[in-house]
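The values are calculated or read from the model by the stated rules, or taken from the named source; none is laboratory data. This structure is a prediction, so every number in the text was calculated from the model and none was measured. Because the Cβ atoms are built from the backbone with ideal geometry, glycine has one as well, and the counts that use them run over all protein chains shown.
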Amino acid sequence: MNGERLFSGIVRLLTLLAVSILGFIIVFIALESMPAIKYAGLKGMFGFERWNPVGSPPVISILPMIVATVYVSLLAVAIALPVGVGSAVFLSCIAPDWLRKMLRPFIDIMAGIPSVVYGFIGLIVVVGSIEDYTELSSGESVLAGGIILAIMTLPYIVSTCDESMVAVIRQYEKASKVLGVSRGHMISHLVLPGSKRAILAGTVLSFARASGETMAVMMVIGNSPIFPRLMGKSQTIPSLIALEMGGAQIDSIHYHALFAAGLVLMIIRFVINMAFYYIKKGMQI
């Protein structure tokens with residue numbers, strides 16, 4: 001009995017510690033953001049002026065970076081989702097066991113590759129290819145960032161969907177064979193509908209992963225604090241913070257504006273997760 005109480009107390013203490021750390025981070029970022037918000041106001045923070053925090057007076061509109069973050073993340077999801085779902089269907093429904101066992105470890109390894117490696121490959125291959133096959137003088141672009149993020153988020157979609165599809169197949173495969181249902185019909189009418197929740201989870205997970213990525217995007221997107229165009233340069237919130245925080249003078253408007261950008265990124269991630277929760281709660285699967 002005493003051992004159980006001790007274990008329960010330790011678990012509660014660790015839970016409280018984790019929540020306290022999270023709360024401290026949120027409060028710290030919010031407090032550090034306040035001077036910038038008071039200086040510029042919401043209109044100044046989300047205006048259409050170009051980012052120039054060291055100008056006279058400082059201009060700290062982060063709207064272009066917010067739009068760029070959402071833009072490149074949606075582009076990555078749009079590329080990765082059909083490829084990821086198709087790959088999961090192949091692994092779970094079509095590939096023989098020996099091939100599935102061989103491919104799954106490679107997918108898991110992809111998720112563990114450092115982002116700087118993806119960024120380096122993107123800089124050499126993707127950016128170089130865009131320069132070769134277009135008339136652009138530089139291949140650094142939103143498109144390059146979206147492609148690299150799609151490759152990086154692909155393992156999360158494949159893994160999430162594959163596990164769900166395997167469970168659905170185990171549930172319906174024998175009955176489908178007895179009834180003479182074709183493999184294609186089973187995939188389209190049973191496996192995919194039965195995996196809606198997993199596909200949605202993979203979509204949200206990949207968007208969250210893409211929106212928070214720093215190094216790989218920073219290496220290929222061009223890092224210009226302007227509104228994004230598909231074939232043009234831009235800058236995301238994480239790359240903005242990573243590039244400029246080291247050079248920002250402590251307690252300057254520039255310094256506090258970067259914290260405000262981080263606060264906005266946290267809010268975006270929170271809204272995404274809450275939207276996913278309510279969508280999942282309302283789904284009839």
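The residue list LEU230, LEU240 contains one member that is surrounded by fewer than 16 Cβ atoms within 10 Å (Cβ to Cβ), touching a helix residue (DSSP H, G or I) at 6+ places or on another chain (Cβ under 6 Å) and either closer than 29 Å to LEU74 by Cβ or in contact (Cβ under 8 Å) with a residue 40 or more places away in the chain (or both), which is LEU230. When the residues of the range 55-99 are filtered to those that are surrounded by 15 or more Cβ atoms within 10 Å (Cβ to Cβ) and assigned to a loop (DSSP other than H, G, I, E, B), the one that is modelled with the lowest pLDDT is ALA95. Across the range 182-199, the qualifying residues are those that are of a type outside the set (A, V, I, L, M) and buried (at least 17 other Cβ atoms within 10 Å of the Cβ), and the one among them that is nearest to the chain's Cα centre (by Cα) is SER195. If only residues of the range 169-196 that are among the hydroxyl-bearing types (Ser, Thr, Tyr) and in a helix (DSSP H, G or I) are counted, the one that is modelled with the lowest pLDDT is SER176. Once the range 115-126 is narrowed to residues that are in contact (Cβ under 8 Å) with a residue 40 or more places away in the chain and of a type outside the set (Ser, Thr, Tyr), the residue that is surrounded by the most Cβ atoms within 10 Å (Cβ to Cβ) is GLY122. The requirement of being surrounded by fewer than 18 Cβ atoms within 10 Å (Cβ to Cβ) and either in contact with a Lys or Arg (Cβ under 9 Å, 6 or more places away or on another chain) or charged (D, E, K, R) (or both) is fulfilled somewhere in the range 246-256, by at least one residue. A search for C-beta distances below 8 Å between a residue of the range 1-26 that is at negative phi and any residue that is loosely packed, with under 10 Cβ neighbours inside 10 Å and modelled with pLDDT under 90, counting only pairs 6+ apart in sequence or on different chains, returns nothing.
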